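Worksheet: the structure to be examined is printed underneath.
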Amino acid sequence: MEKFCALAFLLVCIAGILAQVPPAPRDVFPGEFPSVVVVKTPERDRFCLGEVIDATHVLTSAFCVLNADRSRVFPARLVRVFGGDIATRQISLTRQTRVAQHIFVHENYRSHAFENNLAVIRLAEPFHLPSNAIEPAEIRTRIVPDSHVCYALNWLRPAIGVTVTDTPRLQAAEVTIRNRDLCNVERLTEPNVREDNLCMQQSNTFETLQGDPLFCDGQLTAIHSWRWDLTQQTPIVSNLVSTQVRFHMHWIHQQLNRTQPMPAGWNPLEY
């Protein structure tokens with residue numbers, strides 16, 4: 001009986017440990033997230049993910065379209081967007097590549113606090129839709145409850161020196177939405193997790209970048225904004241914080257009909 005109790009206790013402990021370890025990411029199936037595109041900027045090796053809003057507009061993070069010191073927006077003509085096939089090698093027939101015409105960064109973007117970390121890219125030529133490889137995102141407008149399971153996406157790029165067969169690819173990691181107050185208890189410094197944010201956990205080996213999307217129930221829900229490691233846990237996991245799209249729908253729709261470009265010389269560090 002004692003051996004049975006000891007074994008049962010051990011199994012419970014193992015199950016508890018496994019429950020705390022975020023699931024490993026997996027490769028995305030073709031056509032699973034057709035609204036996701038890649039944004040290539042003039043910065044060397046700077047690639048971000050974006051999400052198709054309509055045939056001529058793509059949503060991403062402000063960080064993605066700003067230079068290294070975040071003092072100016074890249075010239076639109078130097079920013080490219082490609083969708084339908086987001087690998088950088090072995091281009092398929094479904095690839096559609098577009099050049100930006102205008103880039104609109106949220107006027108209240110605050111880089112030090114990751115506030116309003118959003119940008120809309122207007123394409124010089126619309127995507128050909130309908131398409132079997134590109135589709136506008138369906139945006140989630142409902143509240144995401146705590147403990148809800150969603151998918152965080154990132155674009156895995158092999159390190160320099162790997163074999164050519166190891167191509168860049170889109171990956172999805174299953175994440176569980178955490179209570180914002182609990183996340184803020186673990187966060188000892190600024191910035192805090194705000195109401196328009198979602199907080200979740202994932203292994204710190206899952207290399208999310210600002211602009212990476214979060215999908216809940218197949219709907220675009222949030223844009224990744226920042227993260228921090230929980231070093232007291234083994235293995236180390238990270239809290240991922242994303243900006244909920246539903247809180248910024250009014251601003252996004254304004255950009256879709258906007259006629260004026262960003263003010264010349266606009267610098268977010270001055271605000």
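The values are calculated or read from the model by the stated rules, or taken from the named source; none is laboratory data. No experiment lies behind these values; they were computed from the predicted model shown. With ligands, DNA and RNA removed, areas are computed over all heavy atoms of the protein, side chains included. Shrake-Rupley method; radii C 1.70, N 1.55, O 1.52, S 1.80 Å.
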If you project the alpha carbons of segment 178-271 onto their three principal axes, what span does each projection cover, largest first, in Å?
51, 36, 25
Whenever you get a sec, compute what percent of the accessible area on segment 138-245 sits on carbon and sulfur atoms (1.4 Å probe).
52 percent
Stretched out fully, how many nm does the piece from Glu195 to Trp228 gain, at 0.36 nm a residue minus the Cα gap?
10.1 nm
Result for segment 65-124: accessible area per residue, probe 1.4 angstrom, in square angstrom, of 45 Å²
Note to self: with every protein chain in place and a 1.4 Å probe, segment 138-245 gives an accessible area per residue in Å² of 47 Å²
